[in-house]
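Below you'll find the structure, written out as structure tokens, and then a few comments.
The values are calculated or read from the model by the stated rules, or taken from the named source; none is laboratory data. Predicted, not measured: the structure shown is a model, and the values here were computed from it. Here the Cβ is made from the backbone with ideal geometry for all residues, glycine too, and neighbour counts use every protein chain on show. Calculation scope for accessible area: heavy atoms of the full protein, side chains included, ligands and nucleic acids excluded. Shrake-Rupley method; radii C 1.70, N 1.55, O 1.52, S 1.80 Å.
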Amino acid sequence: YYFKRIIILKNNNQKIFLLPGPPLEMEPMLNEFVISEISKLTAYRQFFKSVFTVGMIESELQKIVQEKVKPHDSIYVGYRAESGGCEITFSGTKEELVQESYERLKQCLGASLISEKCSNIIEDIILNFSNKNITLSIAESCTGGMLTSKIVDSAGASKVLKGALVVYSNQIKHN
């Protein structure tokens, strides 16, 4: 059957959830429907807390988690590296242990912590900058203005973005 374009295939005691690919469509469906359906199939509840970081490579983050955060043995730590940063997710069956690990990591990360929602990094940057009265000016080259484009496509960009320059040609860069 379908739920907001989710296709669920059933075979005996198995369910396969097919979701659309774009994250803006998929994430709400996953959160609103799929996780609750999976929770019904298990005898325990899983708790998750995630942060998105910049300025540190995955191996540095793993070292911080192992040496300073020291999550309880029952807590699973997942790392998802992507261009520009890394998402770290704590999960487990005891909400207080997940929260404790999450809070300790936040204290260790300082300025490298960008987002606690991990939903849309650009919107989180705009919100954080706006709340702290920080402005942003961008100089791009090989990205050809793509970063600035992503920012101006988000609500509230005019509150933080002062301006941007795209200098692509080597001749202009050297003059």
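A few notes on this one:
- Among the residues of segment 71-95, those that are farther than 22 Å from ASN128 by Cα, of a type outside the set (S, T, N, Q) and touching a residue at least 12 places away in the same chain (Cβ under 8 Å) comprise PRO71, HIS72, ILE75, TYR76, VAL77, GLY78, TYR79, PHE90, GLY92, LYS94, GLU95.
- Of the residues examined, SER74 is one that is surrounded by fewer than 18 Cβ atoms within 10 Å (Cβ to Cβ) and part of a loop (DSSP other than H, G, I, E, B).
- Set LYS68, LYS49: member being among the charged types (D, E, K, R), modelled with pLDDT of 75 or more and out of contact with any strand residue (DSSP E or B) (no Cβ under 8 Å at 6 or more places or on another chain): LYS68
One line per residue, one yes/no per condition, for (1) within 30 Å of GLU67 (Cα to Cα); (2) open to solvent by 70 Å² or more (accessible area, probe 1.4 Å); (3) modelled with pLDDT of 90 or more:
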residue: GLY92; (1), (2), (3): yes, no, no
residue: SER101; (1), (2), (3): yes, no, yes
residue: ALA111; (1), (2), (3): yes, yes, no
residue: LEU127; (1), (2), (3): no, yes, no
residue: LYS132; (1), (2), (3): no, yes, no
residue: GLY156; (1), (2), (3): no, no, no
residue: ILE172; (1), (2), (3): no, yes, no
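- If only residues of segment 3-16 that are surrounded by 10 or more Cβ atoms within 10 Å (Cβ to Cβ) and part of a strand (DSSP E or B) are counted, the one that is modelled with the lowest pLDDT is PHE3.
- For segment 17-27, the criterion of being within 24 Å of GLU95 (Cβ to Cβ) and either at pLDDT below 75 or in contact with an Asp or Glu (Cβ under 8 Å, 6 or more places away or on another chain) (or both) is met by at least one residue.
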